[in-house]
1. I'm trying to understand the selection: among the residues of the range 27-48, which are open to solvent by less than 60 Å² (accessible area, probe 1.4 Å) and not in a loop (DSSP other than H, G, I, E, B)?
2. Pairs only if they're at least six apart or on different chains, beta carbon under 6 angstrom, first in the range 28-53 and modelled with pLDDT under 95, second within 16 Å of the ligand (Cβ to nearest atom); list them, first residue then second.
3. So in the range 139-165, with the set limited to residues that are among the hydroxyl-bearing types (Ser, Thr, Tyr) and farther than 15 Å from Glu179 by Cα, which one is surrounded by the most Cβ atoms within 10 Å (Cβ to Cβ)?
4. Within the range 122-188, which strands (runs of 3 or more DSSP E) (wholly inside it) include 3 or more residues that are hydrophobic (A, V, I, L, M, F, W, C)?
5. Would you mind finding the one in Cys24, Cys51 that is more than 16 Å from the ligand (Cβ to nearest atom) and either surrounded by 14 or more Cβ atoms within 10 Å (Cβ to Cβ) or of a type outside the set (Ser, Thr, Tyr) (or both)?
6. Please find, among Leu61, Leu57, the residue that is in contact with a Phe, Trp or Tyr (Cβ under 6 Å, 6 or more places away or on another chain) and open to solvent by less than 20 Å² (accessible area, probe 1.4 Å).
7. If Lys69 satisfies every condition in (1) within 16 Å of the ligand (Cβ to nearest atom); (2) closer than 18 Å to Ser30 by Cα but one, which is the exception?
Amino acid sequence: MSEKVNKMIICPKCSKESETELICSMNGKSFPDMKKRIFEDKFFEWKCPKCGHESDLLHPLLYNDIENKFMVYYIPDTKRKVVVDEKLEKEFFELSYIKKRIVSGVNELKEKIAIFDFGADDMAVELAKYAVERIVEKSANMTVSSGYFLDMDRSENTISFQFFVGSENRPYIQTTRLEVYERSMGIVKKYFKGFGKQHGFIKIDREWAKEAWKIYKNS
Ligand SMILES: [Zn+2]
């Protein structure tokens, strides 16, 4: 399933208005080409039909993969930690059994899809990433501005993260033993059981991991 809406868009260059079709909801399994466009940073590209000006047109997108039991709701720059869509939840009864997440950036959208495609738990990944981030900051004496899940190799027993460090936001890849993830998974199972499958879409990010570490340390 994919849903589209028509919107009038004003070009930032020529100021002319044109009607544009925007995909507001899509199934990643049924539309692999659209999914590929997300990962190639092409999904939100827009070209003005009047003057040919090209820019990114960021708009909300509900990415769903019912087969793998997850949905990611991309809402550009949202600060919200929970979004409840009563209509959607009523319409799809099975929604109460799947992981529903909100993300505020395109990189976070790609990261969530990658995590769930790997069959990994995003709460455990965030906890592991937070732990590795602090190791990177200490050992390399650099400030980490952001970090993303990159890869998980069960045969090599490793997990990799892509961090952006220093004032120039330099990319920095850190690979570590999968035990970091497995230990985090243990914390999730013990302290946050059932949390990730509650009502509504929730934000599981660095801020969440920071709070979760506090809860774990104080318990
Ligand atoms: Zn234009």
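1. Once the filter is applied, which keeps residues that are open to solvent by less than 60 Å² (accessible area, probe 1.4 Å) and not in a loop (DSSP other than H, G, I, E, B), the range 27-48 yields Asn27, Met34, Lys35, Ile38, Trp46.
2. Taking only residues 6 or more apart or on different chains, not a single pair turns up.
3. Step one: of the range 139-165, the residues among the hydroxyl-bearing types (Ser, Thr, Tyr) are 139, 143, 145-146, 148, 155, 158, 160.
If we keep only those that are farther than 15 Å from Glu179 by Cα too, we end up with 139, 143, 145-146, 148.
Values: Ser139: 9, Thr143: 11, Ser145: 13, Ser146: 14, Tyr148: 17.
Across the range 139-165, the extreme among qualifying residues is Tyr148.
4. In the range 122-188, the matching strands (runs of 3 or more DSSP E) lie at 144-153, 158-165.
5. Only one candidate qualifies: Cys24.
6. Details: Leu57 fails: open to solvent by less than 20 Å² (accessible area, probe 1.4 Å).
One residue alone meets the criteria, Leu61.
7. (1)
One line per residue, one yes/no per condition, for (1) of a type in the set (A, V, I, L, M); (2) touching a Gly at 6+ places or on another chain (Cβ under 9 Å); (3) not assigned by TED's automatic domain parsing to the domain that holds Arg206:
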residue	(1), (2), (3)
Met8	yes, no, yes
Glu40	no, no, yes
Phe44	no, no, yes
Leu62	yes, no, yes
Asp65	no, yes, yes
Lys79	no, no, yes
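The values are calculated or read from the model by the stated rules, or taken from the named source; none is laboratory data. Treat the numbers as computed from the prediction; the structure is a model and nothing was measured. When we count neighbours, we look across all protein chains shown, and the Cβ atoms used for this are built from the backbone with ideal geometry, even at glycine. Calculation scope for accessible area: heavy atoms of the full protein, side chains included, ligands and nucleic acids excluded. Shrake-Rupley method; radii C 1.70, N 1.55, O 1.52, S 1.80 Å.
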